[in-house]
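Shown next, in structure tokens, is the structure this report addresses.
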Amino acid sequence: MEFNGINFDTYFKHYPDEKGYFGKYGGSYVSPELQKAMEEITEAYFTICKSSKFISELRTIRRDFQGRPTPISYLERLSGKLGNVQLYVKREDLNHSGAHKLNHCMGEALLAKYMGKTKVIAETGAGQHGVALATAAAYFGLECDIYMGAVDIKKQAPNVARMKILGARVIEVTDGLQTLKEAVDAAFDAYIKEYDHAIYCIGSVLGPHPFPMMVRDFQSVVGIEAREQFLSMTGELPDAVVACVGGGSNSMGIFAGFLNDPVELYGVEPLGRGPALGDHAASLKYGEEGIMHGFNSIMLKDENGDPAPVYSVASGLDYPSSGPEHAFLHDLGRVKYDVINDDETIDAFFELSRLEGIIPAIESAHAVAYGIKLAKTMGKGSVLINLSGRGDKDMDFIIEKYGIR
């Protein structure tokens, strides 16, 4: 399929290019010292990802440890309530550790093992990436340091406990807004001092090359599975695929399976409390081109051109930029990016829980809310929603802030 001059038959062979660019977005904007580490990782990845031994071990891990493939569930009661549009969810909440994050964490940790590294370092917001990497580190016998903002540590206490039980060292970040951006800053600072024996396992399709590409490649298993499963279940492709977008790993994972198909793709950003700067984290809708954390993308900026303060009820989405491939697909128009606010998200959280017996992560509830909203406008057809994680981590916070509806 060709779209706005891009041939999606060969898309993954050409994007990113050899320097890590998706059009004008991406690249590697780091110090010369850190660039050496990025080049080491790039060389190792391009060597290992073609190795039958690496691929075979990763497939075995996915099947025997992660429990893949995860299923697609038909939301019969919710669909019936909405009318003639049929809603389905890809159940990444059933992936071991409770979210899609383990898909790339096991790949990154396996890469670290093949490179002879003894430690993995990461940031986390909602805690799911931290839990997933702590799980991978325990599986491979690696040390694990997780940097997490103080605000998110308070919101995500269950995941903090899980990381510690798994043997990770959780390092509280108290700078700035004490959320995801600051956690990334702290993790990068630590990695600069330890890259000779450690690898920084970025938690999304963010950061300097090769991480946006690597994380997308590892997460593409979601889209590959979903496409095959949906065809098997229904005999056709969905009319639309919906996923939430913070950094954008779960969405790039499921979109990867459908980019070359006549399927509408929707990325859902957090509008939070509203469109005023500081009240949301919808970088693709309200941002502009800018560089942060070693990559060029679309980001929210303050009056000085620095990364703006952001907010979302979902700790995993409160980041002032988005992955460079999302910025590219946004400009290209292949993916439509829209927003959902906190109230719509919480309504969808309870709606899915009550009607289908599935408690979604708050991040995933953004996609559920948009899927419901989209279905009401379609009249007929089908929508596949990526349920990127389960809501166990969010229940205490939801009850404290919103009560039981």
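The values are calculated or read from the model by the stated rules, or taken from the named source; none is laboratory data. What you see is a predicted model, and the numbers here were worked out from it, not measured in a lab. Here the Cβ is made from the backbone with ideal geometry for all residues, glycine too, and neighbour counts use every protein chain on show. SASA here: full protein model, heavy atoms, side chains in, ligands and nucleic acids out. Shrake-Rupley method; radii C 1.70, N 1.55, O 1.52, S 1.80 Å.
Mean residue ellipticity at 222 nm, helices only, the chain: -13500 deg cm²/dmol; runs of at least 4 DSSP H residues each add -39,500 (n - 2.57), and the sum is divided by the number of residues. What is the diffusion coefficient of the stretch 267-346 in µm²/s, taking the Kirkwood radius over Cα pairs and the Stokes-Einstein relation at 37 °C with a viscosity of 0.692 mPa s? Taking Rh from Cα pairs, D becomes 264 µm²/s.
In the elastic network of the chain, a GNM with C-alpha springs shorter than 10 Å, the most mobile of Thr174, Thr377, Thr345 is Thr377.
Measuring gaps between exposed loop sites in the chain (GluC sites (Glu not before Pro); DSSP loop; at most 13 other Cβ atoms within 10 Å), the longest gap, sites not included, is 19-235.
About the Cα centre of the chain, what is the dipole size in debye to 20, counting +1 per Lys and Arg Cβ and -1 per Asp and Glu Cβ, all else neutral? The dipole magnitude comes to about 1120 debye.
Put one equal scatterer on each alpha carbon of the stretch 114-220, apply the Debye formula with no solvent term, and list log10 I(q)/I(0) at q = 0.15, 0.18, 0.24 1/Å to two decimals. Treating every Cα as an identical point scatterer, log10 I(q)/I(0) equals -0.57, -0.83, -1.40. Taking all Cα pairs closer than 8 Å and separated by 6 or more residues, the relative contact order of the stretch 268-405 comes to 21 percent. Quote the Stokes-Einstein diffusion coefficient, in whole µm² s⁻¹, for the chain, based on the Kirkwood radius over alpha carbon pairs, a temperature of 37 °C and a viscosity of 0.692 mPa s. Reported coefficient: 158 µm²/s. Springs between alpha-carbon pairs under 10 angstrom, Gaussian network model over the chain: which of Gly98, Gly253, Gly379 fluctuates most? Largest GNM mean-square fluctuation: Gly379.
Please label the shape of the stretch 180-315 as rounded, prolate or oblate, based on the square roots a ≥ b ≥ c of the eigenvalues of the alpha-carbon gyration tensor (a/c under 1.5 means rounded; beyond that, a/b larger than b/c means prolate, else oblate). It comes out oblate by the Cα gyration axes. The trypsin sites (Lys or Arg not before Pro) of the stretch 4-65 that meet both conditions, a loop assignment by DSSP and at most 10 other Cβ atoms within 10 Å of the site Cβ, are Lys19, Lys50. Among the listed pairs Lys36/Lys193; Lys101/Lys393; Lys117/Lys181; Lys155/Lys193; Lys181/Lys301; Lys90/Lys380, those with a Cα-Cα distance over 18 Å are Lys117/Lys181; Lys155/Lys193; Lys90/Lys380. Overall dimensions of the stretch 129-191, expressed as equivalent-ellipsoid semi-axes from the Cα gyration tensor (√(5λ), whole Å, largest first), are 20, 14, 7. Our note on the geometry: Cα centres of the stretch 77-150 and the stretch 236-280, 18 Å apart.
Counting protein heavy atoms only, the stretch 248-405 has 48 percent of its accessible area on carbon and sulfur, 1.4 angstrom probe.
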